[in-house]
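S.K.: Just passing along the structure, written as structure tokens.
The values are calculated or read from the model by the stated rules, or taken from the named source; none is laboratory data. Values in this document were obtained by computation on a predicted structure and should not be read as measured data. Cβ placement follows ideal geometry from the backbone for every residue including glycine, while neighbour counts extend to all protein chains displayed. Surface areas here come from the heavy atoms of the whole protein model, side chains and all, with no ligands, DNA or RNA. Shrake-Rupley method; radii C 1.70, N 1.55, O 1.52, S 1.80 Å.
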Amino acid sequence: MLYLTVELTLDLLACLLGGILMLRARDNGPKFWWGSIALAIGGVFAWENIGWLLIVAEEPDYRFTDLLDMEKMLK
């Protein structure tokens with residue numbers, strides 16, 4: 001749970017910095033696009049981590065290593 005919270009914090013920081021970069025870009029096109037890319041990537045990763053946090057909050061004994069179980073993947 002702590003790992004996901006740290007990851008979510010970093011994703012929100014990427015969104016914030018991307019937004020600031022977009023606002024300060026003014027007439028600089030490449031800066032604006034790099035800011036929009038950072039904002040989009042941070043938003044997508046934050047959305048994914050919020051989903052995982054909801055799963056972990058509902059089932060505290062959920063094991064992420066089950067995702068790597070080869071037998072379950074082949075079914």
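S.K.: When residues of segment 59-75 are filtered for being of a type in the set (Ser, Thr, Tyr) and either surrounded by 11 or more Cβ atoms within 10 Å (Cβ to Cβ) or at pLDDT 85 or above (or both), how many remain? Walk me through how you get there before you give the answer.
M.R.: Within segment 59-75, the subset of a type in the set (Ser, Thr, Tyr) is 62, 65.
Retained after the next criterion (residues that are either surrounded by 11 or more Cβ atoms within 10 Å (Cβ to Cβ) or at pLDDT 85 or above (or both)): 62.
Number satisfying all stated conditions: 1.
S.K.: Which residue pairs have Cβ atoms under 6 Å apart, sit 6 or more places apart or on different chains, and have a first residue in segment 37-63 that is touching a residue at least 24 places away in the same chain (Cβ under 8 Å) and a second that is open to solvent by 80 Å² or more (accessible area, probe 1.4 Å) and part of a helix (DSSP H, G or I)?
M.R.: 46/12
S.K.: So how many residues does segment 1-58 have that are outside any helix (DSSP H, G or I) and either surrounded by 13 or more Cβ atoms within 10 Å (Cβ to Cβ) or among the β-branched types (Val, Ile, Thr) (or both)? So that I can check it myself, show each step before the final result.
M.R.: First pass over segment 1-58, keeping only residues outside any helix (DSSP H, G or I): 1, 25-28.
In the following step, the residues that additionally are either surrounded by 13 or more Cβ atoms within 10 Å (Cβ to Cβ) or among the β-branched types (Val, Ile, Thr) (or both) were identified as 25.
Summing the residues that are outside any helix (DSSP H, G or I) and either surrounded by 13 or more Cβ atoms within 10 Å (Cβ to Cβ) or among the β-branched types (Val, Ile, Thr) (or both) in segment 1-58 gives 1.
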